[in-house]
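Read the structure below first, then the notes.
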Amino acid sequence: VSCAVTCGRVSFVLGLQGPCVSFDTACSASLVGCHSSLRALQHLECDSALGAGVNMLTDPAAMRGNAVAGFTSVRGRSHTFDSRADGYARGEAIGALALRRAYEAQTISLLGSAVRQDGRSASLTAPNGQAQQGLLAAALADASAAADALALSEAHGTGTALGDPIEAGSLAGAVLSRRGEASEALAVGGVKANIGHAEPAAGMTGLLKLAVGLAAGGAAPNAQLRLLNPHLNGALRDGRCALPVQAAALPLARRGVGGVSSFGYAGTIAHAVVR
C-alpha cells in the first residue's frame, strides 16, 4: 500500500506480524509491493502475504496539477495504443492479492518478477526503452519462463503518444524477438482504457485483469482502440503481437502464462509473470 499509515493499520486490524512495508513509487507502487511479497515468501520471511494498492481521488488540486502539467487527456479517456492518445484519465481503485507459497490447488501463481529503474532518459517522466527491455528479460528469467510461453501481456499503456510506442517497441525487443517464427501472436491489452489510470493501484488492477484473462483463456478487447497509433507499426509488423479489438481466445498451447508491466513516472519500473 502506498500509504504507511494504512499499511500499519491493516497489520494492526488483522494481527499481522510479518514484514510490513509501504511503497511510494507512484504508478508502479502496488506491483512493486507484490514483488516484495514474492521475495518475502521465497526467503521464508512469512508463510503468506497480502499485496494491495489503493487510489482515491479526494484532492481537486492534484487533478488540476496533472492537467496543467499536460499528463491528462483533454478527451477524458486513456486512448491506449490509439492515434488519439493525448494523456491519461485518472481513475480510482482498491485491489488486493493474497499470496502463499506454491500449493497444488492454487489457481493463480506469481512465477517471478523484477523491479528496475529507468535511469537516464530524455526527462524525469520520459520512459527508457532499453531499461524496459532489461526489466522484461529479468522478469522472464526470474520466472524461468521462455518468451514463447507467454500468451497474454498486460501493458502499462497509459495512452500517451510517447509512452505507448516505446513500451510496444520494448516488448518487441525483449519478448517478441525471442519467439519463434511460427509462434501465435502475443495478445496485448491495457486496463487503463477501461477504468482509467489508478496510479499507485494501477499495477494491481493490471495484474488482476491479467489473472482473469488467463483463467478464462481469453484476451479482452482494447476498449479505446479505433485507429492504431502509427508509431506502433514497427512493433506489430511481423505479426507476433496482436492488439485485440474484440474478445479473443488465447492459443491452447500457451494459454496459461502472461505478464504485466507497471511503470512509475519517477523511473521505478516493475514486471510480473503470472500463471
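The values are calculated or read from the model by the stated rules, or taken from the named source; none is laboratory data. Since we're looking at a predicted model, the values are computed, not measured. Here the Cβ is made from the backbone with ideal geometry for all residues, glycine too, and neighbour counts use every protein chain on show. Protein only, heavy atoms only, side chains kept; ligands, DNA and RNA dropped before computing areas. Shrake-Rupley method; radii C 1.70, N 1.55, O 1.52, S 1.80 Å.
Here the accessible area is traced with a 1.4 Å probe on the protein chains. For the chain, carbon and sulfur cover 56 percent of it.
Evaluating kT/(6 pi eta Rh) at 4 °C and 1.567 mPa s, with the Kirkwood radius of the stretch 7-47 over Cα pairs in the Stokes-Einstein relation, gives 118 µm² s⁻¹. Rolling a 1.4 angstrom probe over the protein heavy atoms with all chains in place gives the chain an accessible area of 47 Å² per residue. Using the average count of surrounding beta-carbon atoms within 10 Å as a protection proxy, the listed peptides 32-45, 121-134 rank, highest first, as 32-45, 121-134. Counting charges near Gln132 (Lys, Arg +1; Asp, Glu -1) among other residues having Cβ under 10 Å from its Cβ returns a value of -1. Summing charges over all other residues whose Cβ lies under 9 Å from the Cβ of Asp148, with Lys and Arg as +1 and Asp and Glu as -1, gives +3. Highest average first, the peptides 207-215, 262-270 ordered by how many other beta carbon atoms sit within 10 Å of their residues are 262-270, 207-215.
3J(HN,Hα) along the stretch 161-174, derived from phi through the Karplus expression 6.51 cos²θ - 1.76 cosθ + 1.60 where θ = phi - 60°, amounts to 5, 8, x, 4, x, 5, 5, 4, x, 5, 4, 5, x, 8 Hz, with x in place of Gly and Pro. Note on the chain: the C-alpha convex hull projects to 14.1 nm² when averaged across all orientations. Projecting the Cα positions of Gly217, Leu136, Leu124 onto the charge dipole of the stretch 96-244 (unit charges on Cβ atoms of Lys, Arg, Asp and Glu, taken about the Cα centre) puts Leu124 furthest along the positive direction.
3J(HN,Hα) couplings calculated from phi for the stretch 208-214 with the Karplus curve 6.51 cos²θ - 1.76 cosθ + 1.60 (θ = phi - 60°) are, in sequence order, 5, 5, 4, 4, 5, x, 5 Hz; Gly and Pro show x.
Only helices enter the 222 nm calculation for the chain: every DSSP H run of n ≥ 4 contributes -39,500 (n - 2.57), and dividing by all residues gives -9000 deg cm²/dmol, rounded to 500.
Computed from point charges on the beta carbon alone (+1 for Lys and Arg, -1 for Asp and Glu), the dipole magnitude for the stretch 183-275 about its Cα centre is near 140 Debye. For the stretch 1-119, the C-alpha radius of gyration sits at 1.28 times the compact-globule guess of 2.2 N^0.38 Å, with N the residue count. Residue by residue, the stretch 87-96 carries 3J(HN,Hα) couplings of x, 10, 9, 6, x, 9, 6, 10, x, 9 Hz when phi is fed to the Karplus relation 6.51 cos²θ - 1.76 cosθ + 1.60 (θ = phi - 60°); x denotes Gly or Pro.
Remark on the stretch 98-228: hydrodynamic radius 16.0 angstrom, per the Kirkwood mean of 1/r across alpha carbon pairs.
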